[in-house]
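Okay, so here's the structure we're looking at.
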Amino acid sequence: MPGATVEETGREVTNMCGIVGYTGPREAGPVLMDGLRRLEYRGYDSAGIALVTENGDLFVEKRAGKVAVLQDALGADTPRAGVGLGHTRWATHGRPSDLNAHPHSDCTGRISVVHNGIVENFRELRDELAAKGHVLASETDTEVVAHLVEDAYRGDLADAVRAALRRLEGAYALVVMHRDEPDRLVGARLNAPLLVGLGDGESFLASDASALVAYTKRVIFLADGDVADLRPGTATITDIAGKPVDRPIDVIPWSAEAAEKGGYAHFMLKEIHEQPAALRSAMAGRVRGDNVCIEEIDALRDRFINVSRVELIACGTAYYASLVGAQLFQDWLGVPARANVASEFRYSPPPLDARTLVVAVTQSGETADTIAAARLARERGSMVIAVTNTVGSAITREAHASVFLQAGPEVAVAATKTFVTQVVTLVMLAADIAQQLGRRTKAEEDELVRALRALPEAAERAIELAAVTEEMASRYAEAAGFMYIGRAFGYPAALEGALKIKEISYLHAEGYAAGELKHGPISLLDADVPLVAVATRSPVYDKLISNLMEGKARDARVLAVATEGDKQIEQLATDVCWVPDTLDPLSTILAVIPLQLFAYYVAVARGRDVDQPRNLAKSVTVE
Ligand code: M6R
């Protein structure tokens, strides 16, 4: 089946790799290494540079590991060169290794390419290139681009790049260089960020302003479909057919430090805003035509028919995402499914055998309890699928198959974009398996695909609507604590909302199944302890409203998350955060967005260290 274009699944994907390119009078090597160090704050797994040296050679050095490993390999000096490109990779295809690190070259060793994005039709292109005699050395999707440019090259790099681009489906920010055109860089963007920097007699390309603001603040933000042809101090922009286009030159007002955060005050805020793009990335290549297909599980497909129960294992935020997954596996596969806190799993394991599907959900892939639980399940003969954001992480070695979130690196300790991508990935996983087993109708599948396609834009709208949380937070920041409630798909959102408040504002918050309120925690409610109710449109809406009224009757202020257009709730709640309507299983994703922003603004109002809250680590690698 031909790969879906990203236009079909949405627009921009997450900025998963860092790119920098330079042409001008400075020594290119140090400029590129400086750019890579500035891009590394996001945490990468390999790095590399390529230079056209003053002797006319193409010099390439690339290493798995951090930029420091690359620097060690290069030593104190890089070859003298005025043009080059560099890359920090965050793996999506192929595990982190020297070979898979960028830049990638063509057969002749004259062309060098770096890429951020996903070439969705790379398998087709790879087979076609191999049939023509090209030898591809790596497992990456990017390498096909170098060989396509090689095929099309007739002495003009920009023409060859444009010809190659016409063959690509997916998302890309690319920089390409040719040994025989030693002061030229060609960049292109489609659904992945890339900007041009213009200095005095020098030009830059970068995926992120942080890589170039130390040299120039004059930039051109490329638009989708743009091809930028750079010489020292100049940039000519055309469309993919070669027709010139005009783009304004902007001046970036940010310092280098602010640029790392894309101008946001904190990484957490930046990552909350990245969620629409992260959702698009998570779905890229998986929501295809009118169905959902996760290729990573292809090797296990024969075994799904025997699955008699599903056990999800995870910690923290990933556990809350797993609660959504458990509901869906149970509903859609028609077998018992349960989410388990990984740290408890080994002490009271459920029956585990070859008919048990175990899904281990972990952003980092390094959480000790989740790894230990997955290992136990595997030892007992269960099939283990990892759902993780980190290619090459420890969990991928325990699992029979790994499904990647493709969310891009998450820097803030408080998980945000990885929660929503965990949920959407579990939705796709459950839907794919259920569909394969014939347990869902075509109409149900069509409805889900439509809702998935609309989800990134709905998330954008949810972010816009949640702007009100900044003012609300100023009124709630002095609360003594919070009670969060939800039912069904609103329950994991309530738990996650409460966790966000706890971890970054250091205020006590309880997340409760709304029906349990009367069984104890309602005694906590009073004028100082607000009730936060996830009351989006759903089959349990009326019951949730009854619980909300119970809180109101105890003088608690009520902050409701509700679906746009709900007239009733406006009369009942003290404050309302609106979210767009969506399919019930996807509602957790939209409902959590205002709760993340509310927690963020409460923490800011309380003067907390939002990105690195006390006592917490991004990845918990001890039991
Ligand atoms: O890397 P993991 O997804 O396995 O991490 C699990 C939890 O430590 C993590 O989700 C934690 O709860 C978050 N930092 C909360 O925001």
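Observations
- Some residue of segment 429-436 being in the same structural domain as Leu279 (by TED's automatic domain parsing), more than 16 Å from the ligand (Cβ to nearest atom) and of a type in the set (S, T, N, Q): yes
- Thr425 falls short on exactly one of the conditions (1) within 13 Å of the ligand (Cβ to nearest atom); (2) buried (at least 22 other Cβ atoms within 10 Å of the Cβ); (3) without any contact (Cβ under 8 Å) to a residue 40 or more places away in the chain, and that condition is (3).
- Of all residues in segment 203-229, those being farther than 26 Å from Val144 by Cβ and out of contact with any strand residue (DSSP E or B) (no Cβ under 7 Å at 6 or more places or on another chain) number 3.
- Selection status of Leu544, in contact (Cβ under 8 Å) with a residue 24 or more places away in the chain, farther than 26 Å from Ile504 by Cα and over 25 Å from the mean Cα position of the chain (by Cα): yes
- Of everything listed in (1) over 25 Å from Ala282 (Cα atoms); (2) under 22 Å from the mean Cα position of the chain (by Cα), the single unmet condition for Asn100 is (1).
- When Arg606, Arg557 are screened for being away from the ligand (no atom under 16 Å from the Cβ), of a type in the set (Lys, Arg) and within 30 Å of Gly515 (Cβ to Cβ), only Arg557 passes.
- Considering each residue of segment 408-423 in turn, none proves to be of a type outside the set (A, V, I, L, M, F, W, C), closer than 20 Å to Arg309 by Cβ and in contact with a Leu (Cβ under 8 Å, 6 or more places away or on another chain).
- Single match in Ala314, Ala342, Ala373 (criterion: within 20 Å of the chain's Cα centre (by Cα) and either within 21 Å of Ser619 (Cβ to Cβ) or within 11 Å of the ligand (Cβ to nearest atom) (or both)): Ala314
- The sole residue among Thr574, Thr536, Thr588, Thr582 that is out of contact with any Asp or Glu (no Cβ under 7 Å at 6 or more places or on another chain), among the hydroxyl-bearing types (Ser, Thr, Tyr), more than 20 Å from Ala488 (Cβ to Cβ) and surrounded by 14 or more Cβ atoms within 10 Å (Cβ to Cβ) is Thr574.
- Number of residues in segment 7-47 that are among the β-branched types (Val, Ile, Thr) and modelled with pLDDT of 70 or more equals 4.
- Top-ranked residue of segment 33-74 - restricted to ones that are in contact with a Leu (Cβ under 8 Å, 6 or more places away or on another chain), free of Cβ contacts under 8 Å to residues at least 40 places away in the same chain and outside any helix (DSSP H, G or I), ranked as nearest to Ser97 (Cα to Cα): Arg63
Table: residues versus (1) in the same structural domain as Leu230 (by TED's automatic domain parsing); (2) at positive phi; (3) among the polar types (S, T, N, Q).
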| residue | (1), (2), (3) |
| --- | --- |
| Asn55 | yes, no, yes |
| Thr88 | yes, no, yes |
| Ser97 | yes, no, yes |
| Gly117 | yes, yes, no |
| Leu136 | yes, no, no |
| Ala163 | yes, no, no |
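- Among all positions in segment 532-545, there is no residue which is closer than 30 Å to Gly365 by Cβ, among the aromatic types (Phe, Trp, Tyr) and outside the structural domain of Asp369 (by TED's automatic domain parsing).
- Scanning segment 184-199 for residues that are modelled with pLDDT of 95 or more and surrounded by fewer than 24 Cβ atoms within 10 Å (Cβ to Cβ) yields Arg184, Leu198, Gly199.
- Complete set of residues in segment 345-370 that are within 11 Å of the ligand (Cβ to nearest atom), small (Gly, Ala, Ser) and either in contact with a helix residue (DSSP H, G or I) (Cβ under 8 Å, 6 or more places away or on another chain) or in the same structural domain as Asp45 (by TED's automatic domain parsing) (or both): Ala360, Gly365
- Screening Tyr600 with (1) surrounded by fewer than 23 Cβ atoms within 10 Å (Cβ to Cβ); (2) touching a residue at least 24 places away in the same chain (Cβ under 8 Å) gives one miss only, at (1).
The rows are residues; the columns are (1) more than 16 Å from the ligand (Cβ to nearest atom); (2) over 26 Å from Ala556 (Cα atoms).
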site	(1), (2)
Arg440	yes, yes
Ala443	yes, yes
Leu448	yes, yes
Pro456	yes, yes
Ala467	yes, no
Ser474	yes, no
Gly486	yes, no
Pro492	no, no
Ser505	no, no
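- Per-region count, segment 557-568, residues buried (at least 23 other Cβ atoms within 10 Å of the Cβ) and either in a helix (DSSP H, G or I) or touching an Asp or Glu at 6+ places or on another chain (Cβ under 6 Å) (or both): 1
- Strands (runs of 3 or more DSSP E) completely within segment 122-220 that count 1 or more residues being closer than 22 Å to Pro25 by Cα and of a type in the set (Lys, Arg): none
- Checking each residue in segment 408-421 for being assigned to a loop (DSSP other than H, G, I, E, B) and within 11 Å of the ligand (Cβ to nearest atom) picks out Glu410, Ala412, Val413, Ala414, Ala415, Thr416.
- Qualifying residue in segment 249-262 (condition: modelled with pLDDT of 95 or more and away from the ligand (no atom under 16 Å from the Cβ)): no
- A search for C-beta distances below 7 Å between a residue of segment 399-415 that is free of Cβ contacts under 8 Å to residues at least 40 places away in the same chain and in the same structural domain as Glu274 (by TED's automatic domain parsing) and any residue that is outside any loop (DSSP other than H, G, I, E, B) and within 13 Å of the ligand (Cβ to nearest atom), counting only pairs 6+ apart in sequence or on different chains, returns Ala399/Ala360; Ala399/Ala374; Ala399/Ala386.
- Considering Pro613, Pro594, the condition of being in contact with a helix residue (DSSP H, G or I) (Cβ under 6 Å, 6 or more places away or on another chain), of a type outside the set (A, V, I, L, M, F, W, C) and at pLDDT 95 or above is satisfied by Pro594 alone.
- Filter result for Ala562 (free of Cβ contacts under 8 Å to residues at least 40 places away in the same chain, more than 17 Å from Glu471 (Cα to Cα) and either under 27 Å from the mean Cα position of the chain (by Cα) or within 16 Å of the ligand (Cβ to nearest atom) (or both)): yes
- Residue satisfying condition, being over 25 Å from the mean Cα position of the chain (by Cα) and at pLDDT below 85, within set Ala50, Ala4, Ala76: Ala76
The values are calculated or read from the model by the stated rules, or taken from the named source; none is laboratory data. In this text, all values refer to a predicted model and were calculated from it rather than measured experimentally. Virtual Cβ from ideal backbone geometry, glycine too; neighbours counted across all protein chains shown.
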